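Working notes for the structure below.
The values are calculated or read from the model by the stated rules, or taken from the named source; none is laboratory data. Just so it is clear, the model here is predicted, and its values are computed rather than measured. Cβ: placed from backbone, ideal geometry, glycine included. Neighbour counts: every protein chain shown. Keep in mind that these areas ignore ligands, DNA and RNA; they rest on the heavy atoms of the full protein, side chains included. Shrake-Rupley method; radii C 1.70, N 1.55, O 1.52, S 1.80 Å.
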Amino acid sequence: RNQSFFQKERIFFAPDIDTAAEDMSLLTLCDHVILSVGTFGWWAAFLGAHSRHGHVIYYSNEFVMDHPIVKGNLIKQDYYPKEWIGLGEPFSGISNR
């Protein structure tokens, strides 16, 4: 926390949080989100950063598309909004919003 990066105006550290509801509340207040794998972060990003047109970055290889459970049952374009950036996928750049 002593590094100059963490001293910038819009960098915040959350106090110890004890519940999933508090985690979700805090995450929905973020302007930008880097997702972990799973639906908890997806909802936090969708309700927070996505709703305010912030950047959302996700792991583009989360799903093994040829796995028997996934194959034919998941359409990635329906799961990730087109504005979200898949980590590892080519993109045209990030604007300075």
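How many residues are part of a loop (DSSP other than H, G, I, E, B) and surrounded by 11 or more Cβ atoms within 10 Å (Cβ to Cβ) when one looks only at segment 16-36?
The total comes to 7.
Can you go through PHE63, PHE40 and tell me which one is over 10 Å from TRP84 (Cα atoms), hydrophobic (A, V, I, L, M, F, W, C) and in a loop (DSSP other than H, G, I, E, B)? Give the derivation first.
Values: PHE40 fails: in a loop (DSSP other than H, G, I, E, B).
Result: PHE63 is the single residue among PHE63, PHE40 that is over 10 Å from TRP84 (Cα atoms), hydrophobic (A, V, I, L, M, F, W, C) and in a loop (DSSP other than H, G, I, E, B).
What residue, of GLY54, GLY93, is in a loop (DSSP other than H, G, I, E, B), at pLDDT below 85 and open to solvent by less than 50 Å² (accessible area, probe 1.4 Å)?
On inspection, the qualifying residue turns out to be GLY93.
Could you please find all residues in segment 57-79 being in contact (Cβ under 8 Å) with a residue 12 or more places away in the chain and either open to solvent by 90 Å² or more (accessible area, probe 1.4 Å) or in contact with a Phe, Trp or Tyr (Cβ under 6 Å, 6 or more places away or on another chain) (or both)?
TYR58, TYR59, ASN61
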